[in-house]
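Visitor: There's a structure below that I have some questions on.
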Amino acid sequence: MGVRFYAGYPITPASEIMEAFARRMPEVGGTFIQMEDEIGSLAAVIGASVGGVKSMTATSGPGFSLMVENIGHAIISEIPCVIVDVQRMGPSHGLIFLSQGDMMAIKWASPGGNEIIALAPSSVKECFELTVKAVNLSERFRVPVFLVSDAYLGHMREKVEVPDPDQIEIVERPRPTVSPDKYLCKDADATGVPAMADFGSPYRTKLIGSLHTKAGDYGPSLEERVFLVHRLRNKILAHLDEILMIEEMLTEDAEVAVFAYGITARSAKAAVMAARAEGIKAGLLRPITVWPFPTEAVSKLAERVKSILVVELNLGQLVREVERASATKAPITFLSQVDGLLITPQKILDRIKELN
Amino acid sequence: MARITPLSEILEKYYKPKIRASPFCSGCGNGITGQAITRAVDRVGLPRDKLAMIIGIGCNLFMTADLTYDQLVGAHGRGCAYATGLKLARPDLTVIVIGGDGDTGAIGGNHFIHAARRNIDITLIISNNFIYGRTGGQYGPTTPMGSFTTTAPYGLVEPPFDFCKLAEAAGATFVARGTTYHTTHLIDINGKGILHKGFSVIDVISQCPEVYGRRNPDRMGRTGSEMMKWMRDHCISVERAKKASSEELQDKIMIGVLVDKEAPEFTSEYRKVTQRVQKGMG
């Protein structure tokens, strides 16, 4: 079964998602609730998820800010949930126009600096497909998964062919296979994901927001603290093959590679095609999974291209990751736009030409 | 008066086999409050697999640390919001929220009043000891005016909340107050609150001798027992208050069931919507 619980709070440009859930949930026997704020929204999502029901919410910058404490709670208690961030300009209320300014915030906002997963769609079709993927990954790894959209994508209309429900892959969270008396609710090996029993089952579960033992209890030893902190990270990093999704276009022989994601990648794609038409060996690397960052793919790209152009609608966020991953193997140029508008293919093409 | 289950039986049924020493300071009221909740759960005979506890942040979180309920100890103040999600997703569960006075009334005030407004079938039990004990003695939303705290070193000039009035005004359909001194009464009202269909609030007047009493010995007393005697002398039951003169009622705290009424419950109302939509009558 898919998502059967949604809690949210109105915010532009994400409210349409909530409105759709308000209509849809009763039709399929699920639950929708409009909460008193975004803190309560993510808390309600967490509450429903521990009851064994797949749950999600959607928001934008100011609402995301309020969700941060419960993102941390979902990370430490390993509670599956999906958060759609339809990015708008910041800081604070900023403007309701296009931005990619939350890329670092979604990764680092929660104290502790643990791993989360974030997927960046660049079409309406991908919004559909990656939401399914996001729910599956959150169940598989018991971690908050972000779908990072933006104000343009959030208001775009495009054709989506919705597959037959039987054709959609649906992943369930790992559930206990041992008998209730042997069950420890946070027991897993160093890179493992513990089995999760639903609240209100014969299994006893204790999920606390503090560092804890394998039984979910207070008072972990020094070794248990270190083990848990590492496991929360390594349960993601040890399974990159299941998580990382990348689109590479014409990078085989590329000399100038463009790194762009989300809506910006569409302009970048057009710019790369235009450059090719003019005989410039341009290519595109589009991370679909932005967190964890596809370090290896970028590193390999940096080895074979002469230059990488990073295009973002912010003051420079994932460009830092590209620099880290390329480790000076290729020079990095950053193209930024922060006026709330879509970047044009021409603007990217002009920069490609300069770099060629 | 219903039978009081022996402690050994309660320990065996609800606690882990090897429990640690009490985590509370000497004279603290949280142990009594926690035990009164478990005894109420036992008395109303809730099936173990259908009970979930949501606990806030504060000294009260140790009430359930050694209990074998399904429990979520969430972010500070968000108890009612977690519980709202859980109850809506799993209406078959009995959901009890345990919060402190700061947890419920300050940082979680918004979730508290909105859970009351929705009249969702959750029981909220507030351990109200007038102070932030866990963080070392800062004043909270129920700290009496004039009290001395680490953040009111010259005396507090803010008036306190009355949780029961707040809950009633916000729409809670069961509101009661008890104290750690009136233990059997507390078990009784906890049980009534758990069985009530709708949002139930139980304001438990508790004592914090080490953090509140130490700085304010002239109010409720300095030690746990002095503070509990203060409760004995300053509380009056709803029933007795009806016959008391206005003079006798002066400076008295009313305990007992203050509100007990029926109103549409949110989870049931939402299910009705679901049924209507599924029949195509959207």
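Visitor: Classify segment B:120-269: rounded, prolate or oblate, from the alpha-carbon gyration tensor (a ≥ b ≥ c, eigenvalue square roots; a/c under 1.5 rounded; otherwise prolate if a/b is larger than b/c)?
Guide: Here segment B:120-269 falls in the prolate category.
Visitor: Next up: Take B:25, A:127 and order them by how many other Cβ atoms sit within 10 Å, fewest up front.
Guide: Fewest-to-most Cβ neighbours within 10 Å comes out as B:25, A:127.
Visitor: A further question on this structure: Which ³J(HN,Hα) values in Hz, rounded to whole numbers, follow from the phi angles of segment A:189-197 under the Karplus curve 6.51 cos²θ - 1.76 cosθ + 1.60, where θ = phi - 60° and Gly and Pro get x?
Guide: Karplus values, whole Hz, x for Gly and Pro: 7, 4, 10, x, 10, x, 5, 10, 8.
Visitor: What FRET efficiency comes out for the pair residue A:277/residue B:272, r = Cβ-Cβ distance, R0 = 51 Å, nearest 0.05? Intermediate values should be presented prior to the final figure.
Guide: Working: r = 61 Å, r/R0 = 1.20.
E(calc), rounded to 0.05, equals 0.25.
Visitor: Taking the Cα centre of each part, how many Å lie between segment B:112-147 and segment A:219-278?
Guide: 45 Å
Visitor: OK, next. Using unit Cβ charges (K, R positive; D, E negative) and no other charged atoms, how large, in debye to the nearest 20, is the dipole of segment A:247-355 about its Cα centre?
Guide: Approximately 60 debye in magnitude.
Visitor: Once a ≥ b ≥ c are taken as the square roots of the eigenvalues of the Cα gyration tensor of segment A:5-167, is the result rounded (a/c under 1.5), prolate (a/b larger than b/c) or oblate (a/b not larger than b/c)?
Guide: rounded
Visitor: So who's got an amide H within less than 5 Å of the one on residue B:71, skipping anything under 5 residues away but keeping other chains? H placed 1.01 Å off N, in plane.
Guide: Those lying under 5 Å, H to H, from residue B:71 are A:205, A:206, A:207, B:53.
Visitor: Here is a follow-up. With a 10 Å cut-off between alpha carbons and a GNM built on chain B, which of B:193, B:178, B:58 moves the most?
Guide: B:58
Visitor: Of B:105, B:95, B:144, whose Cα points farthest to the positive end of the dipole of chain B (charges on the beta-carbon: +1 Lys, Arg; -1 Asp, Glu; origin at the Cα centre)?
Guide: Sorting the options by dipole projection puts first B:95.
Visitor: In segment B:193-282, what trypsin sites (Lys or Arg not before Pro) fall in a loop by DSSP, with at most 15 other Cβ atoms inside 10 Å?
Guide: Sites meeting the loop and neighbour criteria: B:197, B:214, B:252, B:261, B:279.
Visitor: Scan around residue A:291 for amide H atoms under 5 Å from its own, H built in the peptide plane at 1.01 Å from N, and keep only partners 5 or more places away or cross-chain.
Guide: It is A:118, by chain and number.
Visitor: Considering only DSSP states other than H, G, I, E and B, which trypsin sites (Lys or Arg not before Pro) in segment A:223-297 qualify as loop sites with at most 10 other Cβ atoms within 10 Å? Display every interim value, and only then the final one.
Guide: Working: sites: A:225, A:231, A:233, A:235, A:266, A:269, A:276, A:281; in loops: A:281.
Passing sites in segment A:223-297 do not exist.
Visitor: So, one more: How would segment A:107-167 be classified by its alpha-carbon gyration tensor: rounded, prolate or oblate, with rounded meaning a/c under 1.5 and the a/b versus b/c comparison settling the rest?
Guide: Values: a/c = 4.47, a/b = 1.46, b/c = 3.06.
Oblate, because a/c is 1.5 or more while a/b does not exceed b/c.
Visitor: Starting at the first residue of segment A:220-232, write each ³J(HN,Hα) from the Karplus equation 6.51 cos²θ - 1.76 cosθ + 1.60 with θ = phi - 60°, in whole Hz, x for Gly and Pro.
Guide: Along segment A:220-232, the couplings run x, 6, 4, 5, 5, 4, 4, 4, 5, 4, 6, 5, 4 Hz.
Visitor: While we're here: Helix B:266-278 against the longest principal axis of chain B: what's the angle in degrees, Cα atoms only, rounded to the nearest 10?
Guide: That helix lies at roughly 10 degrees to the long axis.
Visitor: About its Cα centre, how strong a charge dipole does the protein assembly as shown have in debye, to the nearest 20, once Lys and Arg get +1 and Asp and Glu get -1 at the Cβ? Write down the numbers at each step before the final one.
Guide: Numbers: 71 positive and 71 negative charges, 199 e Å.
Dipole about the Cα centre, nearest 20: 960 debye.
Visitor: Could you state the number of Å between the C-alpha centres of segment A:311-356 and segment A:127-183?
Guide: Comparing the Cα centres of segment A:127-183 and segment A:311-356, I get a distance of 30 Å.
Visitor: I would also like to ask the following. In segment A:195-258, which GluC sites (Glu not before Pro) are in a loop and have at most 12 other Cβ atoms within 10 Å, using DSSP for the loop call?
Guide: Listed in order of number, the matching sites are A:252.
Visitor: Continuing with this model, one more query. Ordered by residue, what ³J(HN,Hα) values in Hz, to whole numbers, does segment A:169-182 give under the Karplus form 6.51 cos²θ - 1.76 cosθ + 1.60, where θ = phi - 60° and Gly and Pro are x?
Guide: These are the phi-based 3J(HN,Hα) values: 6, 10, 10, 9, 4, x, 10, x, 10, 7, 6, x, 6, 9 Hz.
Visitor: Rank these for me by crowding, A:108, A:291, going from fewest to most other beta carbons within 10 Å.
Guide: Numbers: A:108 13, A:291 24.
By the 10 Å Cβ count, ascending: A:108, A:291.
Visitor: Between B:45, B:171, B:137, find the one with the highest GNM mean-square fluctuation for chain B; connect C-alpha pairs within less than 10 Å.
Guide: B:45
Visitor: For chain A, give the magnitude of the charge dipole about the Cα centre (Cβ charges: +1 Lys/Arg, -1 Asp/Glu; no others), in debye to the nearest 20.
Guide: About 300 debye.
Visitor: Another question about this same structure. Report, by chain and number, residues whose modeled amide H sits under 5 Å from the one on residue A:87, excluding near sequence neighbours (fewer than 5 apart, same chain).
Guide: A:149, A:150, A:151
Visitor: What pairs in A:235/A:347; A:125/A:347; A:133/A:269; A:133/B:197; B:16/B:50; B:192/B:229 have C-alpha atoms more than 30 Å from each other?
Guide: A:235/A:347; A:133/B:197
Visitor: Determine, for A:92, B:22, A:267, the number of other Cβ atoms within 10 Å of each Cβ, and report the residues in order from fewest to most.
Guide: A:92, B:22, A:267
Visitor: Here is a follow-up. Taking only Cα atoms, what is the 0 to 90° angle, nearest 10, from helix A:345-355's long axis to the longest principal axis of chain A?
Guide: Orientation of helix A:345-355: about 70 degrees from the principal axis.
Visitor: To continue, here is another question. How much FRET efficiency would the formula 1/(1 + (r/R0)^6) give for residue B:8 and residue B:254, where r is the Cβ-Cβ distance and R0 is 30 Å, rounded to 0.05? Don't skip to the answer; put the middle values down first.
Guide: On the way: r = 35 Å, r/R0 = 1.16.
E(calc), rounded to 0.05, equals 0.30.
Visitor: Moving to a separate point now. Taking the dipole about the Cα centre of segment A:59-176, with the C-beta of Lys and Arg at +1 and of Asp and Glu at -1, give me whichever of A:123, A:109, A:144 is farthest to the positive side.
Guide: Toward the positive end, the furthest listed residue is A:109.
Visitor: Now, a different point. Can you find, among B:258, B:169, A:93, the residue sitting farthest towards the positive end of the charge dipole of the protein assembly as shown, where Lys and Arg contribute +1 and Asp and Glu -1 at Cβ?
Guide: B:258
Visitor: Say R0 is 22 Å: what FRET efficiency, to the nearest 0.05, do residue B:48 and residue B:18 get from their beta-carbon distance?
Guide: Numbers: r = 20 Å, r/R0 = 0.89.
Efficiency at R0 = 22 Å is approximately 0.65.
The numbers here are math on the coordinates, done by the rules we state, and not lab data. In this text the structure is predicted, and so the values were computed from the model without any measurement. Neighbour counts run over all protein chains shown; Cβ positions are idealised from the backbone, glycine included.
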